[in-house]
Every structure is written in C-alpha cells, then in structure tokens.
1. Other chains near B:664-670: what is the mean number of their Cβ atoms within 10 Å of each residue's Cβ?
2. Other chains near C:282-289: what is the mean number of their Cβ atoms within 10 Å of each residue's Cβ?
3. Using a basic spin-label model with each label point 7 Å from the Cα along Cα→Cβ, how many nm lie between B:Lys520 and C:Phe36?
4. Work through the residues other than B:Leu354 whose Cβ is under 12 Å from its Cβ and net out their charges, Lys, Arg +1 and Asp, Glu -1.
5. Around C:Thr69, under 14 Å between beta carbons, what's the net of Lys plus Arg minus Asp minus Glu among the other residues?
6. In what order do B:Met494, C:Met290 fall by count of nearby beta-carbon atoms within 10 Å, going from fewest to most?
7. Report, as an integer, the average count of C-beta atoms from other chains found within 10 Å of each Cβ along C:192-202.
8. Which cross-chain or sequence-distant (5 or more) residues have an amide H under 5 Å from the amide H of B:Glu329, H modelled 1.01 Å from N in plane?
Amino acid sequence: MMLTAGMFLSISFIMLAIGIYGIVSRRNMVRMLLSAEVIFNAALLTLLILSSIPIHAATQPDKPAIGGAIALLAIGIAAAEIGVAISIAILLFQIKQHVDVYELRKFRG
Amino acid sequence: MIISELIAHLTWLAPYIGAALALLLLKIGRVRDYIAVSTLFLSAIFSTILLKEVLESHEGFLHYSYPWVKTLGINVGIYIDTLAVFMSFIVAWLCFLIGFYSLKYMEGDPGLTRYWFFFNFFTGSMLLLVLADNLILMFIGWEGTGLASYALIGHWYKDEEEKCVGDVGRTALGTSMFFTPSHSGVRALIFTRIGDVGFIIGIITLYIINGTLSIPEIAKNTEVWGEWLAVRGLLLPFLLLFSLGALAKSAQFPFHEWLVTAMTGPTSVSALIHAATMVKAGVYFMLRFAPIFYLISKLDGVHTYFTIITYIGAFTAFLMASQAIVARELKLVLAFSTASQLGYMFLGIGAAGLLEEFVEGFLASFNHLMSHAIFKASLFLAAGGIIHTVESKYLDDMGGLSKYMKVTFASTLIAALSLSGFPPLMGFWTKDTILEVVSKTGLLIPFIFGIITASITAFYSMKIVLRAFIIPPSHNVKHLIKEHKVHEAHPIMMLPYTILALTSLIVGLLWYFMAGNLNKAITKHVLGLEEVHMKFAVHIDPILTGLSVSMVLIGIGLGVIAYTGPTYAKFINESLAVNPLLKGLHNFLYNRWYINPIYYRVIVNGMRWLSRSIFKWFDTFIIDNIYHILIPKVTTLTSIQTFKVIETAGIDRGYNNLTVRITLIFSNIFRSIQTGRVNHYILIFIIGLALFLTFIWLI
Amino acid sequence: MNILAIILVSSGIITPTLDYTFKRRVSAYIVLFVIFIASIISIALLYITYNVSNVLLYDGVIKVDFYGTFLAFLATIGTLLVLIASMYEVRRWSTAPSFYSLLPLTLLGVYYIIFLNDIILLFIAWTLVSVASYALVGIKKDENSLEGAAKYALMGIIATTFLLYGLALIYGLTGSTKILDIIQYAKPLRNEPLLIIGIILLIISFSFKIGVVPFHGWLPDVYGGVHPSIISFIAGVVKLVGIAALLRVIYPFAQIMGNAWLIIFSILSISTMTFGNIAALVQRNVQRMMAYSSIAHAGYILLGFAAATGAGYLYGLQGIALHISTYIFAKIGIFVTLAYLSRIGLKLDLEGLSGLSKKMPITSVSLIILLLSLIGVPPLLGFWSKFPYLFLSTIDIAPWLTLIAIINSGISVGYYVQVIKSVFFLSSKAEGVERVKDPELIVIIITTIVTIILGLGIAPFIASTLTYK
C-alpha cells in the first residue's frame, strides 16, 4: 500500500499519544524519561516527513534540504537534555535510594 | 550644543543640588556651608555664561525643552530671552553674594542645615521661575520660593523676644501688633497664597483656551485668546486675577502686610528674599507678561487693567513710604522702603501699558528693578552688620557709629543716597525715568504720589544714615563702647555690601554713557516686545529732573534738620508728645494705617465669628432637635428590625462569610492542584494542550 | 556581539576546570569580571543600536535591534546582581564553581534567544538555557533542590519535545527556518490547521517556561523550595527567556492569526492571573507566595501580548519591556532578601518574618518598596509598567480584559499586604542583624533604588524609545 505522508503523520501522532500516556502514568523517573524520548522521536519523525514533501507547492519552490540537518542537530541536543535529566535522577537515587516520582511530594499546595 | 544645554539647565538645578548636599552633609558643618555657597557660585557663573551666549546669539534667545508629561504638554524647559537672562544674572549673583555674607553672619546658629537647605532651595526655585518656558514650571518655582520664604522667615521658630517685629505687647484696634517669627512665616505664606489662587485660575484659563502651557506659544497666540476673552467680557477680570499672584508676591496694596513682619527672619534672609529677589518675582511676572498683554491693548479692558496697576503701584509707594517715616526699627524702615520702591516698579510697568512707546516704561521698570536690587541688598546687608554690632534692632539704640565703622558708613551712605535718588547715583537715573514715563501718561494722581514719595524716600534714607551713624551715641552704644565691643564688621560680611554699593556708584556714574547700549541689549529679544522705534540714548528732561532733584533735596534737608539740628529736634519731639493732631498722625502711621488690624478684625475674626455662629445655629437648632431627638427614635425602631434581617443574614453570612469562604474555597482548590506529583502536573499540561487545540478547532 | 559570545562561552567552559585546579576560590571573581564586561558591552550596544535599525548577523540568523538590546541589558544586569548577591553564601558551597560556570553559559543562551531570527537557533539556545537551568536548580544537591530539579527537568523535557514538534510543523509547512521568511510564507496559509497547531505548540512550550497556567505545575515547587539565591536567577533571567522567545517567534504571527490571537492570549492571561493571585492568598510560606506572584505577573505580561492586534499594540510592547524590568528588579531583590534572611537563620514564613523592621530596617524597607512596586503603587516603577502601558494597551479591543486585570491587581494586594503587615507591624519575633558588608544587602539596596528612580518619571522616557519594527 502507498505510504502516504498522511500515514506517517498519523504514526507520529500515535507515538505522541503513547509517549504522553507513558509520562503521565509512570512512577519511575527513568521510565518517564523513556517516554519523553518516545515523544521526541515522534517529533523528529514529523520533522523529517514534512521536510521531505512539498506541501502547497505553489507557494514554495524546492525546499533546501535543511530538514535532515535539523534532525541531526535535534538528536544531539535532546540527548544532552536527557543526559542532564538522567544525572539528576542519579543524584536523586544517591540521596533517596529510589527514583520514585510519587515520593517527591514535599511541596504541596 | 549639549554642553550649553547642560549649563543652561544647571543654572537653576545647581542650587537644588546644593540644597540636597547640604542635607546630606549635615554632620560636617563648614564643608556643608562652603558647598552650599559654591553651588550658588556655580549658578552665578553659569548665568554669566548664559548672558554672554544670549547676547551673542543671532535670534537673541535660547530655548531648550524636554518633553516630560506629554499628555498635558508640560515640558522641562527653559526659555532664555534677554529679559530672563539679565534677571537671572542679577538674581544669581545677588544670591551668591548674600550667601557668601551668610557664611559669617549666620555662624554659630543651631539651625544652619535648615538655613542652607532652604536658602539653596529658594535660589533654585527663583531661577527656575525666571527661566521657565511653561506656566506650570514657573508656578512650581513660584511656590518653591513661597515655601522657602516661609521656612526662612520663621527660621528662629523658637520665638525669642528679640527676634520679633514690633514692640512687646503693643496693640492697635484690639489686635496685637507684635509678631513672632513663626507667626510671620504663616502670614507670608497666607498672603501670597491668596495671590497664587488667582495665578492658578489664570493658568487654567490660558490652558483651556490655548491647549498649551508653553509661554512662547501662548505669547504667539495672544490675539486669539485675547479676542476670546474680550468677546465674553472676561478680559479685565482675567488680567486682574492672573496678576493677583504678582501683586501679592511683591507686597503691593492690599497684600503688603506680610513684607513688614517678614523682618523676623535673619537679615541675610531679608536681604535675599525681601530686597533682592523674591519680591522681584512679582515685578518679573509683570515684565514678562505685560508686553504680551500690551499686544492686545486695543481690546476692551486692557487699558483699564494697566491704569489699575499704575494706581496700585503709586498708592503702595506712597503708603509704605509714609509708614517708614515713623518706624523705630532699622529693618522695618528698609522693609517699607522695599515695598515702596516695588510700587515704583509697578507704577512704571503700568504706565508703560498706557503709552504708545511701551518699551520706555518697560525699560524704566526693569532698570529700577536692577538698581533697587543692588542698593537695597547692600543696605540690608549693612544693616545686618550694624544690628550685629549694636546688638539691638531699634534705631534708638544706635548712633555715633561713623567713627568706628567707617567702611560700613561709607557704603550705607552711598546706598542710601542711591535710594533717595541723588544724582549721579544709579537710583537717580532709574527713578527719574519712571517719573518721566508716568508724566507722559498724563495721569495726575500717580504722578503726584510719585513725586511726593521721592521726597519722603529721601527723608527716611537720611533718617537711617543720620540716626545710625551721625548723631551722638545712644546709651546703648556708649555702654558698648566702654566694653570695646563696637568695631567694624567682619571682612567677609563687609565685602558683599561694599561691592554692591560701589556697583551702584560706578554704574550710576557711567550711566549716561552705557545706558543706551544696556537698554538695547535688554530689549534685543523679549517675548511680545515689538520692534522698537525709539532711540535708546539717555535724555534728561530738564523740568522733570529739576523737579525731582529738588524734591530729593527737600527731603534730605528736612531729614538733616529733624535729626541733627538740636532745637528743631527738641521742638518736634515735644510737639509730638503734646499736640493731639500730631500724636494722632504719628500713631496712624506707626500702626501702619491700621490696615493690619483691619484685616485681622474683619477677615480673621470675621471668619471665626461666621463659623462659630453657623456652628451654633446649625448645631443647636438643626442638629440637636432633629438629629439628637427625632432621628434616634426613628432609627432605633427601624434599625432593630433591619439589623435582624440585613446584618445577620445578609452581611454577616453573605458578605463576610460567604465571599471569604468562596475565595478560600477557590484558593484551596487551586492550591490542591499543586499536588506535588510531577505526573499530575504533566497531566494538567497535556489537558491544557488538548483543550486549546479543541478550542481552536471550534473557531 | 561576536565578542560577547566568545567571552561568555570561553568563560563558561574554562571556569570549572580552573576552579578545581586553583581550589575554587577564583571562580566567582572571574565570572564576576566577565559578566561585568558583558554588561558594559551591552550598554555600548544600547548606544549603537539606538539609531540604527535592525542589524542582521551571521547570514540572517541573528537580528539585533534596540528592543532586544534593552532586554539583553536587563538580563545582564540581572545576572550581575545575582552574582553579587551570591558572593557570600554560594561561594562556600561545594559545587560553587559549577554554579559560577553555569551562569555565563545560561546568559549566552539568553542572548541568543533575545536576538534570534531563526528557529534552529531557537531550539539550540532554548535547550541550552533549559539544561543549564535544570542543572542550576539542582546544584546544591540536597533533597529539596533535587526534587525541584527533577520536576523542572521532567516538565521541561516535555516542553522541549513539544517545541520540536511545533517547529517541525512550522518548518514543514512554510519551508524556511528564518522567522521573517516564515511570516512571508505563512500568509497564504492562514487557515491551515496544522500551522495553527504548530503555533499553539510553540506558545505552549514557551508558556511553560514563563509559568502560565495550566503549564505551571513545576513553578511553585521549584520557586518555593529551592534555595532563594538560585531562584533569583531563575525567576528573573530565565523567565525573560520565555518572554523573549514569545516576542521573537510568536509575535510576528499576530497578523496571521487574527481573532484567534486575542482569544488565546486572553484566556491564558486571565487564567494565569487569576490562578496566581488567588492561590497566593492562602500561602504561609513567603517564598512560595512569591512563586505564585510570579505566575500572576506572567499573566500581566501576557496582556501586553494580547494587545497585538489592536491599536494599543505599541503600548503593549512597551509595557512588556517595562514590566519585565520591574519584575526582574523586584523579584531579584525579593529573592535575594529571602536568601539573606534564611542565611541569617529566619524561617521564611509569615510568622518567621514578623517584626523584621525593628531589627533590620534597611532590608525590610527595601522589601516593602519592592512589594509595593509589584502591586503597582506610584511613583514606583511597577505603577508605570502596569497601569499606563500594560493595562491600557488592550482597552480598545478588549476592555473586559483590562477590567479583569485591574481586579486581579487588587486581589494581589491581599497577599502582598500580609507580608508587609507581618514585617512592619507585628511584634518582633525575628532576630537578625544586618551588616553593611553583606553583599546581599547591597544588591537589595541597588534594586530598590533603581525601582524608585526609574519610577519617578524616567519610565515614560524609556518606554518611548522602545519601538519595535
């Protein structure tokens, strides 16, 4: 069957939904970060799709192939971000011996 | 260009900065004083630079303006035409010289920080007033000088007896004629305040008609607003109201009383505010606006306005001079003299408005302003030195000081002769031109007042000089001589008034030659003044000059006779004590024509009586009967009922409890959103996102 | 600009290594010096860009204009103040060198966001600032900080991913990465739903940073729990990032979105203001209360954005800039005060602060003045930024918005006043001595004086110079 752009976009929406569900419902911080990665990849997918097809061809000529470059940059940067988050998780583990997000409830109300 | 703007603005800002510094440095006495005086010096220098700039500039004026409050059109701006620059030059230098004098005169006074703060604040406000380019800024300066004068007049607020004006316990018409410094400060403020009300009304009117508060623009628009007012018959009332401030500030009748009791302040303050600068603010106001009014003089009411000003000026001159004849305190004579000479200035500018050649009267008035500032300041400063030496404010306690205070004697003599109008000193020339202008108007009564007052002026000037220096020493002085306390004033004090007296002398000597150029420079560009067709050279009308000189000589002669000739002196004293007519006249003049008591009885007591009787009537009749008897009965009945319903149910439960509870409920709801769990937060995030998207989808 | 970038980057990188070699006593001073130079350069930039119109650098990726340099100047001054305030206490933390190296790095990211013209740069700089701030929050490595850092990081990552998603959509639909070109291409696409989704995702991501409801979850916990010295930076400078991003990226879309713009921003604004003000009323802990007040102030700033389609848009822009400056000075001052007080040993709730004015008059007076500025009392800076500019900007297109804003401002008095009351009027249970040498005190005094002076009449001058395109 034809792999239309619309299909890929729907895949990325589904991934988004999965990721969101994961973040909201997990206790463990590392699992939440995993789900965040899922969302992130969904975003990348959208980016790559949209940059490779000309939408509304009348208004733009050929797009320069920036899409891929952006994607590479984004992977690197997001990795850095997740890295920092992981290091925060590690420190948390050192202090509390667990990474249960539900227990981080010191500040309420 | 920026530097000259800065200098221009600094001319009025520097003294304010000095005032703030004086407050900050209050611990370090001498430094604070020197810094205060040096900011005055700075502003004097800057004003000199401005003078040079304006004279050299092509158009003859400078205008720097920054928008401040745009919606009302108020700018922080200065408009420096030749009138303003000359005025600020005089003001700044006089303030500096008097400040310099105060360094020594006020030494040891416990309230020096206050003194310097208000002294500088005053100078800054005065310069701001002179240089302002819009009415609000001018008004701010105006009020600033009023405030500072209140504070400075009441400087010795503890009200020691020797600091007051008047004789202890003396009354006239039932009101006390003995004024303490604190009371005098209040009087000064109130009298000038009444005038300020008129000023404000004038400003608002001009703003409503013109839509702008900028003085140059209002001047350009004169025809329009003049027409607008004249058509409604409002031009004369407007002009009078607007000038009310000027009349009050320059102590013209009927606002003259405050200047007399203002002598409770330190002498340097009297020199500064009441001789040299603040009272001149009113004259400056007239000089600034009269040319503008003259432009529409063909309209109804303007002619009447100028006539009224002329009469007021002439009458004030005569009124105050007559009171100076019998005054017993040295500073009081000088105070009366100031108001009298201010009357001359108003006379001059009023007469100018009635003539074809407006410029003549304008120049006469301004020249007299200059010369009066110089010699009056000199007289006041010298008086400070004399009073300090003799340790008394009364003329009775002076005498024979010419041997001991030679320089002061010479300077006072020169200044007093200038005041009398003795040729060829500066005062002669300027007073003469005013009289000439008045004679040209053809109004007889002001002219007669002017001439007679010249004579009286000469008389009391001689009175000061003779009684302080020439006649044999009084008991007080003899006593002090024995204790070796009578000596010349300190050089720091002596220098300013000597400089001023010499200026009066030298400028007077050179007047014939330099006046032409001076006058041309002054009128090079003044708002409202049109092209002048007259020659500026000094010319002397022989008849008039002869008349005035002879009046002066008569006055001097009478003075000398009255105070030095032994038999005549005794004759006068005896007849004063015995003859009821003379005694009555003396009392009349001594009690200042009973004007002050009349004010107090009619206005002050009248208001008190009015408010008391209203209170009594209103209170006893209406309030007691209705309010205390009838209404309580009715309200107690109804209130018990309504209280039950409204208070408990409505307000207590509704307003107090309900709103608070609702707000608290919301608060707690909101608070409970923050559960502390990240997942919840993120959930809310996503929900928000989803809501948004659906929302947008619907639109 | 080049010089700025190089200096900040190099100092940011070199500092931690230097510190561990030299036993970490120098790091603070190096960074202080660097930031000082940065502030001088930013002042110079102010002069340079005053008369010149937009300058494009680096092939159109960076656009320097006066509004931006004003914001950059504010950010630099904010950083400088935070640095000075940290001199006493933070320097003695074990992780101090990292703190000091993170500051210039974050500032670099802030600059890039303020001046950006390209969405790639946006993503990079955004992540830089975010990551640096996660690290900053957790720098102290104790339980409170880490909890705050974890929450912040988790939510921040989500925001970043949404940002990327939005950027992807926008780039995909318009075909260019430069913002000016995007606007060009987007005009014919007015009602394309994907485009609007993309824009909304961007708005949401930026609003997360600012603390707009309903994306604010992390804010009260982070602001309220972590050490106040750190928070003074986050509350001041990092919030500036979000607003600047909104300005640069979203604001140009105002014409395209038409009516939807006003609706979106007014909903966000109202909910934020109301939530912030009402939730703050029941707080006992002063630091947490200030967190909610930050939320409320973000709401006020959104008002300025909402005005973009109306006649008052210029007022809105000027109001945003002015309000950022009020907010930065006030919040930095307040949080530094709180840091100071907690260092001395006071508990930071309403009872702990009671009667402070007797023992530490300067601090309490400054605190009160800053709070009054936030309320909007004339003649302080807060009055100028709130009332003539922000609130009035929407009065022609949405007067109900102005009304709600004014009501909210009134509600906010309710909780600020509680602080003022406890500091000033209650009897003193607080014990504390202030010494002139304390650097926090100097910073507090500086911020107070600036608030007063700018508020005395200079504010309209500043506003009139801030025109945008």
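1. Values: counts 3, 1, 6, 11, 5, 3, 12.
Across B:664-670, the average partner-chain Cβ count within 10 Å equals 6.
2. Values: counts 8, 3, 1, 2, 0, 0, 4, 0.
Neighbouring Cβ atoms belonging to other protein chains average 2 per residue here.
3. Between B:Lys520 and C:Phe36, the simple spin-label model gives 6.0 nm.
4. Numbers: positive: B:Lys440; negative: B:Glu356, B:Glu357, B:Glu360.
Residues near B:Leu354 contribute -2 overall.
5. Working: positive: C:Lys63, C:Arg248; negative: C:Asp65.
That sum, taken over residues with Cβ under 14 Å, equals +1.
6. Values: B:Met494 20, C:Met290 30.
Ranked by crowding around the Cβ, least crowded first: B:Met494, C:Met290.
7. Working: counts 2, 3, 4, 1, 4, 5, 2, 1, 5, 4, 0.
Mean partner-chain Cβ count within 10 Å for C:192-202: 3.
8. B:Leu395
Values in this text are rule-based calculations from the coordinates and carry no lab data. Since we're looking at a predicted model, the values are computed, not measured. Cβ coordinates were reconstructed from backbone atoms using ideal geometry, including for glycine residues, and neighbour counts include every protein chain displayed.
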